[in-house]
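What follows is one structure encoded as structure tokens, with my remarks underneath.
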Amino acid sequence: MSGGEQEGGARGGGRHLSSTTLAVDPHHPVSAPRVRTAPRSYGSRRGAGPRPCILLLLVVLIAPAGAAEGQQKRDETLQSEQKKLQQTQKRLKEEREKAAAARARETSLLAELEQIEQRLGEKQAEVGRLAARIKRTQADIATLRGEIMRLEGQRGGQEEALARRLRVMYRVHAQGGALPLILSGDDPVTRAMAVRHLASLAVLDARLIREYRGTSERLADRKGREEGRQQELAALHAEAQTEQAEVDREAAKRRALLARVRDERAYHERMVGELTEASRRLEAFISELQARQRRLAKVPPPKGGIEPPGVGFGNLRGRLPWPAEGRIVVPFGAQVHPRFGTRTFRNGVDIEAAEGTDVTTVYAGHVIYTGWFKGYGNLIIVDHGSEYYTLYAHIAEIEVKEGEDVRQGQRIGTVGDTASLAGPRLYFEVRYQGKPQDPAEWLRQRG
């Protein structure tokens, strides 16, 4: 046993292994020597662990498995992160949608009031159109009834005439007919006259019958048309009732909104803020209109601080006619709400007047705007020249058009309550160079 093997045997736990032995048996038929190999120790140097080729094979087999396992873990991690990202994006989208819905619910009070009033105006207009159709249909029915009465009277007279002719014909028939009358005389002239007379009676009878039939047909036609008009009238009344119910519902919504503004501080303060913003928008809008008017007239902008000229409109301070019959219920200037204490500034005055009252121009001028303006309802702006403007708001029916010239005292609309928070009234402003003036100082004193 070599030293290496001994050392290996010693490391292998002291187990004794014999060396390779050559045994020669002279009596064995095989002459070649028989080789016998003793088992090697597991601890020998040559048998310690796998051979290099086996190690390489194991590395080759194990490495791909480990790499695949790592790639799988990375893929699973990536998928998990992607799933989390998708969930986060979904939650973000839901939150955005909730926020948008909340903003939509918090529509401005002026916008809500405007929508209600527009629907209310549309329904009222439809009710008006239906009322006009009902009136026309009723007039048609009245006309048809008059014709029916006339035709019935005419047919009655025709029936009496036919009845008389039938009685005559009956008597003639009872006496043997017309032939004996014709043959009763020997005079040919008499017989010829009798024949002509009977022929004339036959023509008359035929005409009476035709007229009677024509009258009966016209009478039936008028009665049929009246019945159709009556059915149309009933349908119009039903439709008008439906539309009126819609008007009542929209009016109730408007009253409820105005009641909240009047009675609840939060709604009142929101409305005050929105009206203040509407006033600023109107200021900017008027400035744009002024600039446009100056460009059209090729007039340079005025210098600040110039006193109103004493000509034209500017010469009528305290002498202008009132734009509507009524009284000022909200004056020009700073206002303090008696209940909530909110402070506002009024650029014009509110003139309380009955709905439908005429609105007239206080001075001749040129209409530069007509239409709806948020916070003011139906609005008319008139340019009087020399940088003077008047504004008429809460109008029910606008009766002038943009670009139209108007004279002093001309009717331009009617008093209404569009965008008004306090019922029918006219909001009236006087402006010079875009700055509001106190209308009470311009209007003629009463009494």
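The values are calculated or read from the model by the stated rules, or taken from the named source; none is laboratory data. Just so you know, these numbers come straight off a predicted model, no measurement behind them. A quick note on method: Cβ atoms are made from the backbone with ideal geometry, for glycine too, and the neighbour counts reach across all protein chains shown. Accessible surface is based on the protein model in full, side chains and every heavy atom, while ligands, DNA and RNA are left aside. Shrake-Rupley method; radii C 1.70, N 1.55, O 1.52, S 1.80 Å.
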Could you sort Phe340, Phe285 by accessible area so the largest value comes first, with the probe set to 1.4 Å?
-> Phe285, Phe340
Full extension from Arg327 to Ala220: what is 0.36 nm times the residue separation minus their Cα-Cα distance, to one decimal in nm?
-> 32.5 nm
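Pop the C-beta distance of Ser386 and Ser108 into the FRET formula with R0 = 56 Å and round what comes out to the nearest 0.05. Before the final figure, lay out the partial values.
Working: r = 37 Å, r/R0 = 0.65.
Efficiency computed from Cβ-Cβ geometry: 0.95.
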Once Lys and Arg are counted +1 and Asp and Glu -1 for all other residues with Cβ under 11 Å from that of Glu152, the total becomes +4
Per residue accessible area of region 382-447, 1.4 Å probe, in Å² | 41 Å²
Remind me, relative contact order of region 325-447 in percent, using alpha carbon pairs under 8 angstrom and six or more residues apart?
-> 28 percent
Work out how much length Lys93 to Gln118 would gain on full extension: take 0.36 nm times their residue separation and subtract the Cα-Cα distance, in nm to one decimal.
-> 5.6 nm
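List the trypsin sites (Lys or Arg not before Pro) in region 363-435 that DSSP assigns to loop (not H, G, I, E or B) and whose Cβ has at most 14 other Cβ atoms within 10 Å. Which are they?
Values: sites: Lys374, Lys401, Arg407, Arg411, Arg425, Arg431; in loops: Lys374, Lys401, Arg407.
Filter output for region 363-435: Lys401, Arg407.
Given R₀ = 45 Å, FRET efficiency for Glu277-Gln241 by Cβ-Cβ distance, to 0.05?
Values: r = 40 Å, r/R0 = 0.89.
The computed FRET efficiency comes out at 0.65.
For a quick check of your reading of the filter: which GluC sites (Glu not before Pro) in region 234-272 sit in a DSSP loop and have no more than 13 other Cβ atoms within 10 Å?
Details: sites: Glu239, Glu243, Glu246, Glu250, Glu264, Glu269; in loops: Glu264.
The qualifying sites are Glu264.
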Can you give the translational diffusion coefficient of region 336-447 in µm²/s, computed by Stokes-Einstein from the Kirkwood radius over Cα pairs at 25 °C and 0.890 mPa s?
-> 170 µm²/s
In the full protein assembly as shown, how much of Asp221 is accessible to a 1.4 Å probe, in Å² to the nearest 10?
-> 70 Å²
Which pairs in the list Lys253/Lys374; Lys93/Lys253; Lys135/Lys223; Lys123/Lys223; Lys123/Lys401 are over 25 Å apart, alpha-carbon to alpha-carbon?
-> Lys93/Lys253; Lys123/Lys223
Model label zone, Thr143; criterion: amide N under 19 Å from point 7 Å along Cα-to-beta-carbon; scope region 208-222 = 218-222
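Rounded to the nearest 0.05, what FRET efficiency is calculated for Arg294 and Ala252 with R0 set to 60 Å and r the Cβ-Cβ distance?
After rounding, the FRET efficiency stands at 0.80.
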Rank Ser216, Ser420, Ser386 by accessible area, highest first, at a 1.4 Å probe radius?
-> Ser386, Ser216, Ser420
Hey, rough spin-label estimate for Arg411 and Lys135, points 7 angstrom out along Cα→Cβ, what's it come to in nanometres?
-> 1.4 nm
Starting from the Cα gyration tensor of region 224-287, take the square roots of the eigenvalues, sort them a ≥ b ≥ c, and report rounded, prolate or oblate (rounded when a/c is under 1.5, otherwise prolate if a/b is larger than b/c, else oblate).
-> oblate
Local electrostatic count at Tyr170 - Lys and Arg +1, Asp and Glu -1, tallied over other residues with Cβ under 14 Å | +3
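Of Ser287, Ser279, which has the most accessible area with a 1.4 Å probe, and how do the rest follow in descending order? Please list the in-between numbers first.
Values: Ser287 65, Ser279 25 Å².
Largest accessible area first, the list is Ser287, Ser279.
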One finds the C-alpha centres of region 226-289 and region 410-447 to be spaced, in Å, by 21 Å
